[in-house]
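The values are calculated or read from the model by the stated rules, or taken from the named source; none is laboratory data. Note that the coordinates shown come from a computational prediction; the quantities given were computed from them, not determined experimentally. In this analysis, Cβ positions are derived from the backbone assuming ideal geometry, glycine residues included, and neighbour counts consider all displayed protein chains.
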Amino acid sequence: MAKTLTQEFVKGLWDEVPPFRLVLGLCPVLAVTKAVENGIGMGVATTFVLVCSNVLVATLRKVIPSKVRIASYIIIIATFVTIAELLMQAYTYPLFKKLGIFIPLIVVNCIILGRAEAFASKNGILRSLLDGLGFGIGFTLSLMALAAVRELLGTGDLTFWEKPIQIMGPWFQPFSFMVEAPGAFIALGLMLCLMNLVGKK
Amino acid sequence: MLEKRDLLEQQTPLEQKKLIVSHAPFYHSGRRVTERSYHTMLAALPALLLGFYHYGMPAISVVCLSISTAIFWELAFNLVAKRTITIGDGNAALLGLLFAMLLPATTPWWAVITGTFIAVVVGKQIFGGIGSNAFNPVALAIAIMMVSYKELFDFDTALLNYDLEFATIYPLKAAKYFGTASLDSFNLVDLFLGRQLGGIGATFGLGLMLGGIYLMLRGFIRWEISLTFLAGVYLAAFVFNLFDPVRFAGPGIHLLTGYTLIGAFFLATEDSSSPVNIIPMLVYGAAGGIMVVLIRNIGAYVDGVVLAILVINLLSPLLDKIRPEALGKVM
Amino acid sequence: MREMIKMVIVLTILATFSGSLLAAIHSKTKDRITNQILKFVKGPAIRKIFKEASNDPIVDRFDIKDGDETRSFFVGVFEGEPRAVAFETFGKGGYGGEVGLMVGIDVKEDKVVGVGVTTHAETPGMGAKAETDPSFVAQFEDLSLEDPFKVTQDGGTINALSGATLTSRAVSLAATEASGIYQKLKPQIEEKLKNFKK
């Protein structure tokens with residue numbers, strides 16, 4: 001059953017891609033995917049936290065007593081989330097303002113605690129690093145995909161670094177339902193349906 | 001065993017669900033879905049014809065486009081999902097027709113096509129086809145289109161270029177923004193005879209009522225739902241009107257304008273999204289009627305009928321928990 | 001017992017490590033964050049108020065101690081002399097809590113140059129118009145500081161935003177408070193402005 005290092009990395013990209021396969025971490029998936037830019041920002045911040053916490057948990061896995069492991073993981077994760085928050089505030093303030101409360105909420109994103117508990121606490125540093133990286137990138141790509149669908153249909157534009165790029169042409173009537181909250185659920189449902197359709201073969 | 005189950009799940013149309021049981025009561029009319037669809041379309045005809053008379057060619061083209069695209073989406077989804085082709089049962093055509101009846105006659109083609117896609121695919125087929133939808137597909141489609149394209153449903157501007165023999169202002173909008181004084185030019189008989197602005201087939205009160213009564217007599221819809229829905233509207237509007245007659249229109253106006261009548265007879269009564277027991281049906285209808293007036297009078301939207309129907313659709317499975325206790329018990 | 005001690009030690013070390021790491025990063029990023037907030041939150045409001053100023057008011061600022069608080073004043077240079085300051089106050093009673101308001105005051109003539117809403121949690125499309133609708137804040141321009149600012153419903157001159165009387169009231173309150181602070185600190189402000197000329 002032992003997987004190669006490449007497999008550890010790749011599994012988070014497709015086979016176990018968090019929002020679509022494991023259906024985990026849906027709060028940010030639904031809430032911030034109004035624009036591609038937000039999706040990327042959220043994904044990168046989550047990846048940073050995931051990789052750092054995975055590495056640290058794997059390093060300390062023999063030291064942490066099992067009775068207080070969850071508390072220790074939360075301390076580790078919360079530390080990295082706060083670091084991410086401070087860094088975003090200092091360097092990408094407009095993005096930080098848009099993501100708002102969802103940056104501190106990365107702490108309770110179950111992908112991160114889930115990977116710490118299910119993977120990093122049982123595996124070596126290198127494997128945990130690759131696992132975190134794979135899941136993080138998978139998460140980022142899923143957010144981007146969902147955000148792209150929603151933004152394209154909802155506004156006709158795709159936003160990268162503050163610049164909306166018009167894709168659909170002037171004939172397009174923005175279907176603004178997609179960038180509203182209920183549109184997020186419907187878009188996610190259709191996306192899951194598509195993933196199952198593709199993955200079932 | 002597992003394979004067999006998978007096979008069963010893949011072929012979801014009604015006739016294959018032999019072993020799936022839902023609780024009583026069942027209303028058996030001895031008829032099939034097809035008949036039901038065509039009778040409902042027949043019942044909608046009087047209101048539709050008056051719409052054609054008022055709005056002419058554009059109204060006819062909206063209705064035709066809506067029906068044909070609804071059938072097309074159903075066929076397309078059947079093919080993609082590898083299910084039995086169900087366009088023959090007429091339900092898709094009925095959805096298309098009802099959807100078009102709620103639209104203003106000048107609705108552009110792309111909005112009609114998007115709307116029927118939402119109604120047929122998102123509203124009905126994704127849940128597993130006819131009989132499995134949680135929401136009324138037409139109400140869902142109209143609500144989503146209303147959220148996305150508010151300006152399309154502004155009947156004043158949408159029907160600006162029509163030269164009709166009656167006042168060309170949308171009564172509900174006038175009541176909401178200019179108070180009841182602006183409604184003096186309307187009289188209830190005119191409204192009842194469809195001499196008002198609105199959706200293609202949603203304004204002709206008499207026609208809708210005749211259609212509704214026909215459906216009730218034939219046993220296609222339940223009178224409990226329609227009547228309590230209207231009673232809910234009437235009572236709630238009456239209370240509001242009593243409280244502040246300057247701001248809130250009277251019950252007659254609320255009953256005869258907007259989507260109230262078409263909602264009561266054709267949308268709220270849709271079978272799979274409404275309750276099956278008597279008391280739940282009464283509660284369901286009344287809750288819907290009260291919600292309509294609440295949204296119209298203190299909500300953000302001019303007409304709340306489709307939104308109210310979606311809310312009561314949500315309540316419907318909960319309401320169905322109110323039922324007589326079963327005799328005997330399972331050991 | 002040994003396990004207990006181990007738990008306590010591990011958690012303490014983790015918490016200490018985490019705390020010190022965060023403290024270090026916080027102190028490293030503090031100035032940058034203040035600058036970013038100035039640039040993206042207060043900056044646009046100040047620039048709008050001092051649109052004809054020849055300097056960069058965000059760079060030219062000074063602090064004055066007011067009791068326990070330290071207030072930042074942004075200097076606007078008009079026609080070669082620093083004659084106006086802008087500072088932020090908060091008006092209570094908005095629909096979504098306090099409303100932050102940047103108020104620019106002409107020191108020579110004791111009148112408002114302009115105001116701009118900075119932070120708020122008002123309803124989009126209703127109270128949030130205070131930030132986006134220029135005609136609302138434009139009503140404050142050139143008003144004298146002698147009378148308190150009030151919306152018309154309260155007997156003042158400010159026409160409230162339709163559907164957002166609470167927000168409009170909070171903005172007026174913030175402006176009134178600003179004029180109070182200004183009158184209290186005026187000697188110090190003039191002192192600072194004199195030094196600024198050099």
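Things to note:
- Meets criteria (crowded, with 20+ Cβ neighbours inside 10 Å, more than 8 Å from every other protein chain (Cβ to nearest Cβ), more than 12 Å from the chain's Cα centre (by Cα) and outside any helix (DSSP H, G or I)) for A:K62: no
- Filtered residue count, region B:176-194, keeping only those that are buried (at least 16 other Cβ atoms within 10 Å of the Cβ), among the small types (G, A, S) and under 24 Å from B:L50 (Cα atoms): 1
- Selected residue (criterion: surrounded by the fewest Cβ atoms within 10 Å (Cβ to Cβ)) from residues of region C:151-198 that are β-branched (V, I, T) and under 19 Å from C:F90 (Cα atoms): C:T165
- Selection within region B:283-331 - basic (K, R) and surrounded by fewer than 21 Cβ atoms within 10 Å (Cβ to Cβ): B:K321, B:R323, B:K329
- Looking only at region A:65-75, residues that are among the hydrophobic types (A, V, I, L, M, F, W, C) and more than 7 Å from chain C (Cβ to nearest Cβ) come to 2 in all.
- If the condition is being of a type in the set (G, A, S), surrounded by 19 or more Cβ atoms within 10 Å (Cβ to Cβ) and part of a helix (DSSP H, G or I), then region A:22-47 contributes A:G39, A:G41, A:G43, A:A45.
- The set of residues in region C:111-126 being over 16 Å from the mean Cα position of the chain (by Cα) and under 23 Å from C:S179 (Cα atoms) consists of C:K111 alone.
- Test: residue in region A:160-179 that is outside any helix (DSSP H, G or I), touching a strand residue (DSSP E or B) at 6+ places or on another chain (Cβ under 8 Å), away from chain B (no Cβ under 12 Å) and surrounded by 15 or more Cβ atoms within 10 Å (Cβ to Cβ): yes
- Residues of region B:251-282 satisfying the condition of being surrounded by fewer than 22 Cβ atoms within 10 Å (Cβ to Cβ) and farther than 24 Å from B:A100 by Cβ: B:P251, B:G252, B:V276, B:N277, B:I278, B:I279, B:L282
Condition check ((1) among the polar types (S, T, N, Q); (2) modelled with pLDDT of 90 or more; (3) under 20 Å from B:A134 (Cβ atoms)) across all residues:
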residue: B:F238; (1), (2), (3): no, yes, no
residue: B:A249; (1), (2), (3): no, no, no
residue: B:T257; (1), (2), (3): yes, no, no
residue: B:A286; (1), (2), (3): no, yes, no
residue: B:I309; (1), (2), (3): no, yes, yes
residue: B:N313; (1), (2), (3): yes, yes, yes
residue: B:M331; (1), (2), (3): no, no, no
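- Residues (crowded, with 24+ Cβ neighbours inside 10 Å, among the hydrophobic types (A, V, I, L, M, F, W, C) and within 14 Å of another protein chain (Cβ to nearest Cβ)) located in region B:94-112: B:V112
- Any chance B:F265 is at pLDDT 85 or above and under 14 Å from B:A47 (Cα atoms): yes
- Number of positions in region C:31-52 that are in a helix (DSSP H, G or I), touching a residue at least 24 places away in the same chain (Cβ under 8 Å) and among the charged types (D, E, K, R): 2
- Candidates in region B:148-160 are the residues that are modelled with pLDDT of 80 or more and buried (at least 17 other Cβ atoms within 10 Å of the Cβ); of these, the one that is nearest to the other protein chains (Cβ to nearest Cβ) is B:S148.
- Criterion violated by B:G115 - all others in (1) away from chain A (no Cβ under 14 Å); (2) closer than 22 Å to B:I312 by Cβ; (3) of a type outside the set (A, V, I, L, M, F, W, C); (4) assigned to a helix (DSSP H, G or I) satisfied: (1)
- Neighbours by Cβ (under 8 Å, 6+ apart or cross-chain): first from region A:160-179, without any contact (Cβ under 8 Å) to a residue 24 or more places away in the chain and over 17 Å from A:G41 (Cα atoms); second small (G, A, S) and assigned to a loop (DSSP other than H, G, I, E, B): A:Q166/A:G156; A:I167/A:G156; A:M168/A:G156; A:G169/A:G156; A:F172/A:G156; A:P174/A:G156
- Evaluation of B:V189 against the conditions (1) more than 16 Å from B:P46 (Cβ to Cβ); (2) in contact (Cβ under 8 Å) with a residue 40 or more places away in the chain; (3) part of a helix (DSSP H, G or I) shows that the sole unmet condition is (2).
- Scanning region C:1-22 for residues that are more than 7 Å from every other protein chain (Cβ to nearest Cβ) and in a helix (DSSP H, G or I) yields a count of 11.
- Helices (runs of 4 or more DSSP H) contained in region A:65-158 and holding at least 3 residues in contact (Cβ under 8 Å) with a residue 60 or more places away in the chain: A:93-99, A:110-115, A:125-155
- From C:I46, C:I25, C:I37, residue being more than 14 Å from chain A (Cβ to nearest Cβ) and surrounded by 11 or more Cβ atoms within 10 Å (Cβ to Cβ): C:I46
- Where strands (runs of 3 or more DSSP E) fall entirely within region C:53-149, those with at least 3 residues that are surrounded by fewer than 17 Cβ atoms within 10 Å (Cβ to Cβ) are at C:61-66, C:69-78, C:81-94.
- Check on B:F248, over 16 Å from the mean Cα position of the chain (by Cα), crowded, with 18+ Cβ neighbours inside 10 Å and over 24 Å from B:I312 (Cβ atoms): no
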